[in-house]
Amino acid sequence: GDSVTQMEGPVTLSEEAFLTINCTYTATGYPSLFWYVQYPGEGLQLLLKATKADDKGSNKGFEATYRKETTSFHLEKGSVQVSDSAVYFCALSDNYGQNFVFGPGTRLSVLP
Amino acid sequence: NAGVMQNPRHLVRRRGQEARLRCSPMKGHSHVYWYRQLPEEGLKFMVYLQKENIIDESGMPKERFSAEFPKEGPSILRIQQVVRGDSAAYFCASSPGGQPTDTQYFGPGTRLTVL
């Protein structure tokens, strides 16, 4: 079945550091790919998405490119802030759109 | 436009009791999804519903769990005879259609604690 693998956390960075969170997937067909962010005690918020190969999703300084050849959707940000501390989930939507498959999440802590 | 609403936000039950979790999708959304998040884990799909229909319940435990999305009113996730292992955060999401490219919008979750 479909699956999503993320780099294990926690990830601890200093403010203004460069962030990469790796995400790779296994799926039949051509899934859509998403990054969601979860702040403590809250639900998930969509951060960005890409629906076809080579698409780049971007939002709030974060970006990720849908790489079909490497089945990856790595999340990057050039300069993180303390307010970016959260858990980040990579997810895919299968061909039928019936449910999302989530990665286990990567906890990011940004220190001032 | 109000987002996805879930209530209660926190629910405490003793073993053997019933838990009812409610989800009101975003206005105009007719597709509802339920997920469960165990502590320090990702979200696991449970069930996908449209108005009055269960489309996919492949992630639902076979016993004690049921879900509905009636013509009027919120979607309900019902857990009968709860056990400690049911303690988790339950998230509802909605989308305007069931397309793979559709974003799912999540509610704040219901955190169930079974004593």
What are the ³J(HN,Hα) couplings of the range B:57-63, residue after residue, when phi is run through the Karplus curve with 6.51, -1.76, 1.60 and θ = phi - 60°? Round to Hz, x for glycine and proline. 10, 5, x, 8, x, 5, 10
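When only Cα pairs under 8 Å and 6 or more residues apart are kept, what is the percent relative contact order across the range B:1-93?
Values: 187 pairs, mean separation 31.5, N = 93.
RCO, the range B:1-93: 34 percent.
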Could you tally the net charge around B:Ala19, taking each other residue with its Cβ under 9 Å from the Cβ of B:Ala19, Lys/Arg +1 and Asp/Glu -1? +1
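Find the relative contact order for the range A:1-97 and round it to a whole percent, using C-alpha pairs within less than 8 Å whose residues are 6+ positions apart. Mind showing how you got there, number by number?
Values: 205 pairs, mean separation 34.2, N = 97.
Taking the mean separation of contacting Cα pairs over the length of the range A:1-97, I get 35 percent.
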What are the ³J(HN,Hα) values, in whole Hz, obtained from phi via the Karplus relation 6.51 cos²θ - 1.76 cosθ + 1.60 with θ = phi - 60°, for each residue of the range B:69-85 in sequence order, with x given for Gly and Pro? 9, x, 4, 10, x, x, 7, 10, 10, 10, 10, 8, 6, 4, 10, 4, x
Of all DSSP beta bridges in chain A, what percent run antiparallel (nearest 5)? 90
So what J values fall out for the range B:9-16 if you push phi through Karplus, 6.51 cos²θ - 1.76 cosθ + 1.60 with θ = phi - 60°, rounded to Hz, Gly and Pro as x? 6, 9, 9, 10, 9, 8, 3, x
Loop-resident sites, the range B:10-71, for GluC sites (Glu not before Pro), counting at most 11 other Cβ within 10 Å (DSSP): B:Glu18, B:Glu40, B:Glu52, B:Glu63
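Can you compute the equivalent ellipsoid semi-axes for the protein assembly as shown, i.e. the square root of 5 times each eigenvalue of the Cα gyration tensor, sorted largest first and rounded to whole Å?
Working: eigenvalues 175, 86, 47 Å².
Each semi-axis is the square root of five times an eigenvalue, giving 30, 21, 15 Å.
Quick check: from the Cα gyration tensor, does the range A:1-55 come out rounded (a/c under 1.5), prolate or oblate? Before the final figure, lay out the partial values.
Numbers: a/c = 1.83, a/b = 1.64, b/c = 1.11.
Prolate shape, in that a/c is at least 1.5 and a/b is the bigger ratio.
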Which residue, B:Leu77, B:Leu38, B:Leu49, has the most motion in a Gaussian network model of chain B that connects Cα atoms within less than 10 Å? B:Leu38
Over chain B, with a Gaussian network built from C-alpha contacts below 10 Å, which listed residue (B:Pro100, B:Pro70, B:Pro61) shows the highest mean-square fluctuation? B:Pro100
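Readers should treat all values here as calculations from the given coordinates under stated rules, not as data from a laboratory. Bear in mind that the values here come from a model prediction, so they are computed numbers and not experimental data. A quick note on method: Cβ atoms are made from the backbone with ideal geometry, for glycine too, and the neighbour counts reach across all protein chains shown.
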